[in-house]
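Rule-based calculations on the coordinates, nothing more; no lab input. These numbers were taken from a predicted model, which means no experiment stands behind them. Positions of Cβ are generated from backbone atoms using ideal geometry, with glycine treated the same way; all protein chains shown enter the neighbour counts.
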Amino acid sequence: YYIWVAAVSSGGQGPYSIRVSQITYNAKDGSPPTNITITRLSQGVGFRVSWTAPILPPGLTITGYSVQYKKQGTPDNSYIAVTVGVATQKDITGLQSGTKYQIRVATVTHLGRGPRSFCCQDNSLPSQVQDVTVERDLSDGLPSLTLSWTEVSETGITYTVWYSASRGTTTEPPSGASYKTGINGTSTTLSGLEQDAKYFIWVAAVSSDGQGPY
């Protein structure tokens, strides 16, 4: 079955939810895990999936679980399955930032894989900031730089800018770089810079889940 949910007010019906699916099953096949919880990992781009073991009918024994995840909007046959022992949690890492994932968990018994849970959704970290431009401003006699960039697609975003006269690397700023946080909108001005210095600049989007890539 494919299932959609929508909120309805006196003004009409709101948008449909993300589609979820569930296969009906017989009691003899057991039950899917319940209370699926997704927690953001503090390091890297990934999440921890945890669940409650189901109560199975007599004669069935849990031998493990199958955690399955895919990028939202991709076909159902694109799920990646990870086999887990009898523990009721699994860390999924190495994901793509700024990408939404759908996750489901199935119980595995000595008879094989049982029914899958409903899909749960994880919102990965914000997307990478694109189209950063820099303009010099000497209008007040002091060197400053005005930056602008394209807004990322996620909502509830602020931006952080790092800048340094040291090169750092192509992927992240050097230790000790100056930074400006909590920027709303898609532009900011950096003031109080050194004269005749070449600056290297990095911009990242930040959400309640954490910081996206530079």
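Quick look at the numbers
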read-out: Sparse-neighbour loop sites [trypsin sites (Lys or Arg not before Pro); segment 153-214; at most 14 other C-beta within 10 Å; DSSP]; value: ARG167, LYS198
read-out: GluC sites (Glu not before Pro) restricted to DSSP loop in segment 128-214 with at most 16 other C-beta within 10 Å; value: GLU151, GLU194
read-out: Rounded FRET efficiency, nearest 0.05, which uses the C-beta distance separating THR155 from SER9 and R0 of 35 Å; value: 0.95
read-out: Estimated FRET transfer efficiency (TYR16, THR146; beta-carbon r; R0 41 Å; 0.05); value: 0.45
read-out: Other-chain or far-sequence residues with amide H under 5 Å of VAL108's (modelled H); value: THR63, GLY64, TYR65, SER66, GLY114
read-out: Table column - 3J(HN,Hα) (Hz), segment 188-200, Karplus curve with 6.51, -1.76, 1.60, x for Gly and Pro; value: 7, 10, 9, 10, x, 8, 6, 6, 6, 10, 8, 9, 10
read-out: Added length on full extension, which subtracts the Cα-Cα distance from 0.36 nm per residue, THR88 to ASP196; value: 33.1 nm
